[in-house]
2 protein chains.
Amino acid sequence: MGWGDLGAFGEPSKETPNLDQMASEGMVFLDFYTANPLCSPSRAALLTGRLPIRNGFYTTNAHARNAYTPQDIVGGIPDSELLLPELLKKAGYVNKIIGKWHLGHRPQFHPLKHGFDEWFGSPNCHFGPFDNRALPNIPVYRDWEMIGRYYEDFKIDLKTGEANLTQIYLQEALDFISKQQASQQPFFLYWAIDATHAPVYASKHFLGTSRRGLYGDAVREIDDSIGKILKHLQKLGISENTFVFFTSDNGAALISAPKQGGSNGCFLCGKQTTFEGGMREPAIAWWPGHIPAGGVSHQLGNVMDLFTTSLSLAGLQPPSDRQIDGIDLLPAILQGKLIDRPIFYYRGNEMMAVRVGLYKAHYWTWSNSWEEYSKGIDFCPGQNVSGVTTHTQEEHTTLPLLFHLGRDPGEKYPLSFACDEYQRAMEQISVVVQQHKETVVPGVPQLNVCDKAVMNWSPPGCEKLGKCLKPPKSDPKKCFWPH
Amino acid sequence: MGWGDLGAFGEPSKETPNLDQMASEGMVFLDFYTANPLCSPSRAALLTGRLPIRNGFYTTNAHARNAYTPQDIVGGIPDSELLLPELLKKAGYVNKIIGKWHLGHRPQFHPLKHGFDEWFGSPNCHFGPFDNRALPNIPVYRDWEMIGRYYEDFKIDLKTGEANLTQIYLQEALDFISKQQASQQPFFLYWAIDATHAPVYASKHFLGTSRRGLYGDAVREIDDSIGKILKHLQKLGISENTFVFFTSDNGAALISAPKQGGSNGCFLCGKQTTFEGGMREPAIAWWPGHIPAGGVSHQLGNVMDLFTTSLSLAGLQPPSDRQIDGIDLLPAILQGKLIDRPIFYYRGNEMMAVRVGLYKAHYWTWSNSWEEYSKGIDFCPGQNVSGVTTHTQEEHTTLPLLFHLGRDPGEKYPLSFACDEYQRAMEQISVVVQQHKETVVPGVPQLNVCDKAVMNWSPPGCEKLGKCLKPPKSDPKKCFWPH
């Protein structure tokens with residue numbers, strides 16, 4: 001989902017009454033970011049509190065490339081990383097992930113090996129259907145074992161767009177919450193649903209109900225589900241004891257628009273890019289009785305902060321043996337404080353841009369290659385800012401492109417290099433960037449090697465279902481990341 | 001102001017707490033339009049309930065040109081037009097205009113000759129300062145006579161952006177409301193302030209307070225003023241007896257961005273164009289005790305509806321001797337009904353586009369000429385939709401460009417001419433357009449002739465102030481309208 005997909009954030013069809021109500025009952029973060037404009041690295045950052053360049057969720061196969069975890073990826077979340085659920089366990093939390101894991105699908109990367117107690121969902125995106133010869137269909141797990149595959153046992157009708165998955169994930173969430181409330185155990189629920197990722201789907205009840213087409217149907221179903229989750233917390237009497245945060249893992253994928261892509265509001269470009277449309281996210285914190293209703297924060301926030309903030313809520317300290325990028329947002333949420341901190345916009349192994357205050361400096365610009373663009377792959381459809389949405393990787397490290405995001409949230413008007421404002425801002429930003437670069441010790445890149453042999457041929461549990469497939473011979477190769 | 005300038009409509013700095021509160025206490029119209037993407041015709045349409053092509057606020061000097069009332073314009077609102085205040089008088093209303101009149105500045109066009117009882121403001125935009133030789137500075141009127149000129153007696157500091165005008169206009173509004181409440185007379189207040197038109201200004205108290213720069217300062221001052229007006233109505237105990245509607249006369253002028261131009265949210269282009277960014281407007285209806293709080297309407301609305309709706313509120317019928325384009329919005333506002341009606345997008349003498357339901361068909365496209373564009377005049381900065389934001393006037397009358405504004409509010413993806421959806425939608429739209437064209441009897445065009453002799457050299461009252469200037473010899477010419 002994108003920043004502009006919520007009614008409360010200006011989507012003109014205004015079809016998210018539950019999220020809008022969550023926003024009016026809680027606190028909206030208008031300057032909240034992901035750590036990467038792509039799914040896997042963003043989720044790895046959320047769960048580790050660290051930038052992908054540190055936790056290994058990036059590639060060095062080529063410069064500044066978006067990489068993720070398709071099912072032929074060899075890498076995944078390293079054992080050396082400490083994930084939020086591992087830490088929360090120490091405070092007695094029961095941890096469940098519902099939906100897409102995306103931090104590696106080989107046995108050593110299994111979420112239950114990284115702190116989660118329960119899992120219902122899939123390791124990869126719901127692409128398909130595949131023929132189970134060249135590519136296996138993606139498995140759906142319950143805890144340690146697979147219980148079926150997408151398209152086979154969990155239907156997704158690409159023709160009609162119908163799939164019941166969000167309803168299944170919703171029911172899982174409600175059941176888990178009920179169970180935890182009954183057992184009086186604190187819990188961490190990571191509700192990481194697949195929708196609205198393409199191929200976009202919605203359940204029958206929501207199909208055709210949006211003014212926005214199938215994508216809007218999916219948004220409406222998510223909105224409805226979140227409303228049901230919040231109401232469930234209230235009904236169980238634990239809403240004042242449960243911190244809920246809503247956000248997205250990257251900007252709307254405009255490449256799938258208009259039928260399968262959403263809105264990034266007034267921001268430039270979308271998913272895959274380090275422009276605001278790729279990385280600024282809708283974000284709402286909700287905690288009745290603690291967070292004042294109708295709050296609005298301009299705190300610069302990041303999905304990595306959910307790591308540190310969650311630890312803080314559980315009375316835990318973040319690990320001190322490593323660099324943690326996430327900050328504790330509680331002072332911003334509960335006391336309305338503004339904490340000075342930068343936002344770094346990475347694409348693969350490159351820091352493309354940095355935000356300090358209202359200024360954003362691009363050290364590198366790139367939308368995608370001319371080759372891809374000429375084939376119709378466009379991350380900025382209808383948008384073209386000369387010298388900014390470049391189709392070659394443009395280096396600006398000696399003279400960064402500087403934008404003022406208050407006057408120019410759409411990144412259309414770079415400040416003149418000659419003006420005083422540019423000089424003053426860049427002096428400040430340069431220090432921040434230098435300090436940051438000094439702390440960056442890149443992790444071992446996990447997204448470099450692909451091998452068809454590691455795909456989901458025979459996940460644990462396949463034998464009970466008669467769903468084991470024969471893998472091909474191992475043939476590891478450098479993954480190809482085109483953008 | 002543009003659709004996207006309000007926090008409630010998704011402006012990411014969210015600096016309009018009063019308008020946002022007005023929205024949450026009243027009803028938001030998300031599909032509300034002006035009748036023209038330029039100031040004078042839009043205001044003429046509001047006050048007559050009729051399209052500019054009917055009331056004469058257009059030009060035939062060239063095809064599809066935006067025209068308005070600079071001070072060398074010879075024309076103005078014809079006597080044959082019936083203005084809202086003229087009609088409201090019959091129901092005992094006292095009518096005041098505060099701010100920019102813009103329907104002609106020659107004596108016969110004076111607002112007090114067209115139904116208003118009081119006026120405080122100017123006949124034209126606050127451009128300047130002028131030298132009073134080639135061009136006189138724009139006068140400010142109190143009722144029948146001028147009381148000074150902009151820049152001379154009503155300071156606007158173009159260097160600092162400071163001007164006290166919105167504060168003066170606010171005080172005028174509060175005083176008028178108090179007076180009317182005291183005398184128990186019903187009133188119509190048309191608070192038509194100049195801000196945020198370029199050159200943008202704000203009073204000292206607001207200067208430098210916005211994250212959005214000077215334009216944001218101006219928005220904040222307007223927002224604050226509206227909050228004060230609404231609170232004043234409440235304090236006087238007449239809020240439940242006073243219908244308030246907030247809207248803008250055209251989309252944000254992106255040509256003035258980023259320092260003096262606002263936001264049209266996710267919509268395409270801005271002022272001067274018939275894309276959504278030029279004509280979709282922020283709109284809020286407020287009437288405590290009558291309009292349910294938090295209402296959201298997708299009723300297709302138009303500034304012309306304020307004519308008919310206001311008459312309806314006063315228990316009056318619209319004139320039956322002429323075509324009225326505005327509809328009564330009360331069923332939409334009070335009962336949540338959706339009235340089926342089209343929106344026509346005119347530019348000068350041409351119907352450029354039409355909206356029927358969620359479909360918008362462009363019969364002509366044009367942003368501005370290559371000649372202007374090459375000089376840096378850009379109504380769609382950073383935006384470029386191939387075949388849509390054209391720099392030559394493109395006729396599509398035989399095969400209109402069709403957009404679905406629900407799936408594609410940004411007008412980026414024309415529907416395929418071959419698809420069933422296109423055929424079905426265009427069948428319906430063609431009938432609507434044909435019916436409309438049959439009713440259009442163009443009024444005498446008022447914006448064709450310019451003459452330096454008619455400028456504000458010696459407005460009534462100038463002699464008392466020693467501010468009369470000598471006009472040059474009359475030399476009427478065809479006005480030049482470049483876009």
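Structural remarks
- 3J(HN,Hα) along segment B:244-261, derived from phi through the Karplus expression 6.51 cos²θ - 1.76 cosθ + 1.60 where θ = phi - 60°, amounts to 10, 10, 10, 7, 10, 8, 6, x, 4, 7, 5, 4, 8, 6, x, 7, 10, x Hz, with x in place of Gly and Pro.
- Couplings 3J(HN,Hα) of segment A:325-332, computed from phi: 8, x, 10, 7, 7, 4, x, 5 Hz, in residue order, whole Hz [Karplus 6.51 cos²θ - 1.76 cosθ + 1.60, θ = phi - 60°; x for Gly and Pro].
- Relative contact order %, chain B, counting alpha carbon pairs below 8 Å whose residues are six or more apart: 24 percent
- Segment A:173-251 and segment B:126-183: distance between their alpha carbon centers, rounded to Å: 54 Å
- Inter-copy separations for A:Ile339, label at 7 Å along Cα-Cβ, nm, ascending: 5.3
- Whole-percent pair-distance distribution, where bins are 5 Å wide, for the alpha carbons of segment B:1-66: 3, 16, 19, 15, 15, 14, 10, 7, 2, 0
- About the Cα centre, charge dipole magnitude for the protein assembly as shown (Lys/Arg +1, Asp/Glu -1 at Cβ), debye: 200 debye
- Paramagnetic reach from B:Leu316 (point 7 Å along Cα→Cβ, amide N under 13 Å) across segment B:86-115: B:86-96, B:114-115
- Length-normalised contact order for segment A:347-439 - Cα pairs under 8 Å, 6+ apart - percent: 28 percent
- Segment B:103-118 residues near the modelled B:Cys468 label - backbone nitrogen below 20 Å, point 7 Å along Cα→Cβ: B:105-110
- Range of Cα positions in segment B:302-371 per principal axis (Å), largest first: 50, 27, 19
- Residues with amide H under 5 Å from that of A:Arg149, placed H, sequence gap 5 or more: A:Val140, A:Phe154
- Segment A:310-351: C-alpha gyration tensor shape, a/c 1.5 cut-off, then a/b vs b/c: oblate
- For A:Ala283, the amide hydrogen comes within under 5 Å of the amide hydrogens of A:Phe29, counting only partners 5 or more places away or on other chains and with H modelled in the peptide plane.
- Selection from A:His436, A:Pro409, A:Thr365 lying farthest towards where the dipole of segment A:347-439 points positive, charges on Cβ: A:Pro409
- Cα point-scatterer Debye curve for segment B:260-395, base-10 log of I(q)/I(0) at q = 0.10, 0.12, 0.21 Å⁻¹: -0.43, -0.60, -1.27
- Ellipsoid semi-axes for segment A:347-439, based on the Cα gyration tensor and the rule √(5λ), read 25, 16, 11 Å when sorted largest first.
- Considering the rotation that superimposes chain B on chain A, the residue of B whose beta-carbon lies nearest the axis, and that distance in Å, is B:Gly10, 1.
- Kirkwood hydrodynamic radius over Cα pairs of the protein assembly as shown, then Stokes diffusion coefficient at 37 °C and 0.692 mPa s, in µm²/s: 110 µm²/s
- Segment B:303-317-segment B:281-299 distance, computed between alpha-carbon centres (Å): 16 Å
- Taken over chain A, the convex hull of the Cα atoms encloses 138 Å³ per residue.
- Diffusion coefficient (Stokes-Einstein, Kirkwood radius over C-alpha pairs, 10 °C, 1.306 mPa s) for segment B:73-188: 104 µm²/s, rounded to a whole number.
- Cys residues of the protein assembly as shown counted as unpaired, since no other Cys beta-carbon is under 4.7 Å: A:Cys39, A:Cys125, A:Cys266, A:Cys419, B:Cys39, B:Cys125, B:Cys266, B:Cys419
- Each of B:Glu411, A:Glu11 was scored by other Cβ atoms within 10 Å of its Cβ. Listed from fewest to most, they are B:Glu411, A:Glu11.
- Taken about its Cα centre, segment A:1-150 carries a charge dipole of about 480 debye when Lys and Arg each add +1 at the Cβ and Asp and Glu each add -1 at the Cβ.
- Label-zone membership for segment B:340-354, site B:Gln435, 7 angstrom Cα→C-beta point, backbone N under 11 Å: B:340-342
- Label spacing, shortest first and in nm, from A:Pro471 to its equivalents in the remaining copies (7 angstrom along Cα→Cβ): 9.0
- With Cα atoms defining each centre, segment A:425-472 and segment B:358-431 are spaced 43 Å apart in the structure.
- Across the copies of the chain, B:Cys419 has label points (7 Å from Cα along Cα→Cβ) spaced 4.1 nm apart, shortest distance listed first.
Only the coordinates and a few stated rules stand behind these numbers; no lab work does. Everything numeric in this text was worked out from a predicted model, so none of it was measured. Ideal geometry is used to build each Cβ from the backbone, glycine not excepted, and the neighbour counts take in all protein chains shown.
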